[in-house]
1. If I filter the range 171-190 down to residues being surrounded by fewer than 17 Cβ atoms within 10 Å (Cβ to Cβ) and of a type outside the set (S, T, N, Q), which single residue comes out as farthest from the chain's Cα centre (by Cα)?
2. Give me a count of the residues in the range 74-88 that are closer than 19 Å to Lys113 by Cβ and buried (at least 21 other Cβ atoms within 10 Å of the Cβ).
3. Mind checking which residues of the range 183-197 are more than 12 Å from Tyr150 (Cβ to Cβ) and touching a residue at least 40 places away in the same chain (Cβ under 8 Å)?
Amino acid sequence: MMNQNKSVWSVLLMFLAISVFGIGCGGEEEKPKQVVTQKPTAPKRPKAKTVDQLVSDLSIDNRIFLSEDEAPRRESERIAILNFFNAMIQSDLDSIKSMLSYSDHMELDTMSKENMSSYMDSVSLIELLTGESPEGTSCVMAIYEIGMDYQVQMWFYQNKGSDFTFSAAETSPNLIEKLSGNLVQNYFDLKSKQAEIALQPDEETSYSLAGEITSTDGSVGTDESRPGPPPSRPGGPLGQ
């Protein structure tokens with residue numbers, strides 16, 4: 001019986017020795033594994049819809065032309081411009097007024113009294129060109145095709161939140177005859193030139209009235225840099 005007890009204790013001692021050896025000499029303690037958490041990535045911003053997509057989605061009049069190259073990058077600007085000129089060509093006075101600066105409301109009322117709808121019905125095309133003023137204000141130039149005649153409107157626009165406001169800029173009836181190249185940039189170059197001329201004494205230079213170059217003796221002169229017929233825009237409808 002004593003020998004049996006000794007064998008039991010010897011087995012226990014052997015296990016204890018292994019346990020002690022494992023704890024004392026078994027190397028370093030295992031370090032807790034670091035959990036790598038992946039930072040959530042922000043969803044990619046959706047690309048702006050193409051002009052063709054917006055024209056279809058918004059049911060824009062097919063007489064309005066805005067090329068993809070001329071369109072602003074931001075989709076909200078594209079929508080505002082297309083909606084504004086769609087309201088214009090449809091003579092939707094309430095929609096126009098909701099996007100028009102307060103200072104232009106009276107002019108709109110005058111146009112409505114002069115049968116704006118009849119005038120817009122005669123428009124065969126509105127081509128839109130966008131850009132910025134030298135001061136950085138966004139703008140859009142509208143070139144109206146009416147038969148064989150072309151008229152230009154320039155509009156500045158600003159947005160606050162989701163609201164866009166359009167303000168009319170000064171233009172002359174025969175402005176299209178004076179523009180060439182980059183028409184938006186050329187418009188501001190011409191305005192700057194006219195402003196410089198206006199500051200000079202009348203007896204020393206000619207001055208510009210209503211978009212024409214007039215000499216001090218009252219005779220109408222010619223501007224050699226002025227192109228003749230309306231410009232042809234490769235890839236666009238004008239001149240085709």
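1. Checked the range 171-190; the qualifying residue farthest from the chain's Cα centre (by Cα) is Pro173.
2. 1
3. Val184, Gln185, Tyr187, Phe188, Ser192
Yes/no matrix, rows are residues, columns are (1) over 20 Å from Asn159 (Cα atoms); (2) touching a Leu at 6+ places or on another chain (Cβ under 7 Å); (3) assigned by TED's automatic domain parsing to the domain that holds Ile176; (4) aliphatic (A, V, I, L, M):
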residue: Ser56; (1), (2), (3), (4): yes, no, no, no
residue: Asp61; (1), (2), (3), (4): yes, no, no, no
residue: Arg78; (1), (2), (3), (4): no, yes, no, no
residue: Leu82; (1), (2), (3), (4): no, yes, no, yes
residue: Met111; (1), (2), (3), (4): yes, no, no, yes
residue: Ser118; (1), (2), (3), (4): yes, no, no, no
residue: Ser124; (1), (2), (3), (4): yes, no, no, no
residue: Leu129; (1), (2), (3), (4): no, yes, no, yes
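The values are calculated or read from the model by the stated rules, or taken from the named source; none is laboratory data. It should be emphasised that the depicted structure is a prediction, and the values quoted were computed from it without experimental measurement. Backbone-built Cβ (ideal geometry, glycine too); neighbour counts: all protein chains shown.
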